[in-house]
Structures are given as structure tokens and as C-alpha cells.
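J.: Below is the structure I would like to discuss, written out as C-alpha cells.
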């Protein structure tokens, strides 16, 4: 009998200690703090997928400007953000299409902008030139001729001698 009484007392004591913390969702509970982002982590864009074109924008010719190298571009949204310059690390969200509207790639589908250092040859020449035209926060449509893209060799799903159409959003410039 003494053993049974002692066992019951131990169980009561253990059960009494089990609920010493307030329940989740009560007024006394505080939501967990979100983890701090890593210093080098790409920013998350606030742009929803509903705001991203699903095919190249059908812009009139007068909406475009042309560079001496043959890049065709239309800045869709102007900002006063930091200008992208060679040596800056940039974060860019993009969609890549062929002129017929076939989607070949999208950073939006991955949920993370693509990062690279401008002017280091890490991307195609059309991007080196096109992104350098933008300020942080700006969006543009770039029409990249084959010689500024993947040329006669193509790459992955990009066929040889393909003109490329990009919707780009310069999310962040790290000067």
C-alpha cells in the first residue's frame, strides 16, 4: 500500500509539472521571432506571381530603345533606386521566353532572384548590358539578339541562334 501511495504521489507531482508553461495561443504567449536572414541571402521580392507576365509583353515599337550593340529594351517601371554598375552584386527576378511565347526559365518559379556580379562575365552579354541600364526596383523587357545571348551553340532549352525575351525586375543592388 505504501508503494502504491508513493507511486500515485510521484505521478501527481510529475503531471503537475508538465503544464508549467502557458498554452500556445493564450494571451501570455508571444509568437516566435522569425529567424534572422543571412547577410548574403537574396532578398525576397514582394511581387506576386499575379503581377508577373505569363508571356512577352506586346509592346509597340516606340516603347523600345535600341543600344548600339543591338539590345532592344523597354523600361516598364522607373525608380530612383541605386543604379546598377559594374562590380555591384545584383539580385534579379526574371522570366525567359522565346519570341513565340514559350517559357524557358523563371526565377519566380524558384521563389528566389538570381544573383551575380555585374561586369564579371557571369551572365550573357545581353544581361550585362541590359541590367546595367536599370536602377534598383526597375522592371524592363529585354529583347536579346542571338549574338548577345547563346549564339549559334544554344544552351539547354535555348535553341541555336535564338532571340531571347526577358522580363526582368532588378530587386536589389549591393554597391
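The values are calculated or read from the model by the stated rules, or taken from the named source; none is laboratory data. Note that the coordinates shown come from a computational prediction; the quantities given were computed from them, not determined experimentally. When we count neighbours, we look across all protein chains shown, and the Cβ atoms used for this are built from the backbone with ideal geometry, even at glycine.
J.: Which members of the stretch 92-106 meet the condition of being in contact (Cβ under 8 Å) with a residue 12 or more places away in the chain and more than 12 Å from residue 170 (Cβ to Cβ)?
T.: Hits for the stretch 92-106 are 95, 96, 97, 98, 99, 101, 103, 104, 105, 106.
J.: What are the pairs with Cβ atoms under 7 angstrom where one residue, in the stretch 73-90, is closer than 25 Å to residue 60 by Cα and the other, located anywhere, is surrounded by fewer than 15 Cβ atoms within 10 Å (Cβ to Cβ) and at pLDDT 95 or above? Sequence gap at least six, or different chains.
T.: Between residues of the stretch 73-90 that are closer than 25 Å to residue 60 by Cα and residues that are surrounded by fewer than 15 Cβ atoms within 10 Å (Cβ to Cβ) and at pLDDT 95 or above, the close pairs are 73/65; 74/59; 74/63.
J.: Is at least one residue of the stretch 100-108 within 21 Å of the chain's Cα centre (by Cα), assigned to a strand (DSSP E or B) and within 15 Å of residue 127 (Cα to Cα)?
T.: Scanning the stretch 100-108, I find at least one residue that is within 21 Å of the chain's Cα centre (by Cα), assigned to a strand (DSSP E or B) and within 15 Å of residue 127 (Cα to Cα), so the answer is yes.
J.: Quickly run through the stretch 51-92 and pick out the residues that are in contact with a helix residue (DSSP H, G or I) (Cβ under 8 Å, 6 or more places away or on another chain) and modelled with pLDDT under 95.
T.: Listed by number, the list holds a single entry, 52.
J.: Looking at residue 95, is it modelled with pLDDT of 95 or more, under 18 Å from residue 155 (Cβ atoms) and part of a loop (DSSP other than H, G, I, E, B)?
T.: Answer is no for this residue.
J.: What are the residues in the stretch 107-128 that are buried (at least 17 other Cβ atoms within 10 Å of the Cβ) and closer than 13 Å to residue 52 by Cα, if any?
T.: Once the filter is applied, which keeps residues that are buried (at least 17 other Cβ atoms within 10 Å of the Cβ) and closer than 13 Å to residue 52 by Cα, the stretch 107-128 yields 107, 108.
J.: Continuing with this model, one more query. Specify the residue that is surrounded by the fewest Cβ atoms within 10 Å (Cβ to Cβ); the eligible residues are those in the stretch 62-81 that are part of a loop (DSSP other than H, G, I, E, B) and over 25 Å from the mean Cα position of the chain (by Cα).
T.: Top of the filtered list is 68.
J.: Another one. Within the stretch 160-175, does at least one residue satisfy the condition of being at pLDDT below 95, in a loop (DSSP other than H, G, I, E, B) and exposed (fewer than 15 other Cβ atoms within 10 Å of the Cβ)?
T.: Taking every residue of the stretch 160-175 in turn, at least one turns out to be at pLDDT below 95, in a loop (DSSP other than H, G, I, E, B) and exposed (fewer than 15 other Cβ atoms within 10 Å of the Cβ).
J.: Tally up the residues in the stretch 129-140 that are under 22 Å from residue 51 (Cβ atoms), over 16 Å from the mean Cα position of the chain (by Cα) and touching a residue at least 60 places away in the same chain (Cβ under 8 Å), please.
T.: Residues meeting the conditions: 1.
J.: Across the stretch 129-145, what is the number of residues that are assigned to a loop (DSSP other than H, G, I, E, B) and buried (at least 17 other Cβ atoms within 10 Å of the Cβ)?
T.: 5
J.: Kindly list the number of the only condition in (1) more than 18 Å from the chain's Cα centre (by Cα); (2) free of Cβ contacts under 8 Å to residues at least 40 places away in the same chain; (3) assigned to a helix (DSSP H, G or I) that fails for residue 58.
T.: Going through the list (1) more than 18 Å from the chain's Cα centre (by Cα); (2) free of Cβ contacts under 8 Å to residues at least 40 places away in the same chain; (3) assigned to a helix (DSSP H, G or I), residue 58 breaks only (3).
J.: From 129, 115, 138, grab the single residue that is modelled with pLDDT of 95 or more and farther than 22 Å from residue 158 by Cβ.
T.: Going through 129, 115, 138 in turn, the sole match is 138.
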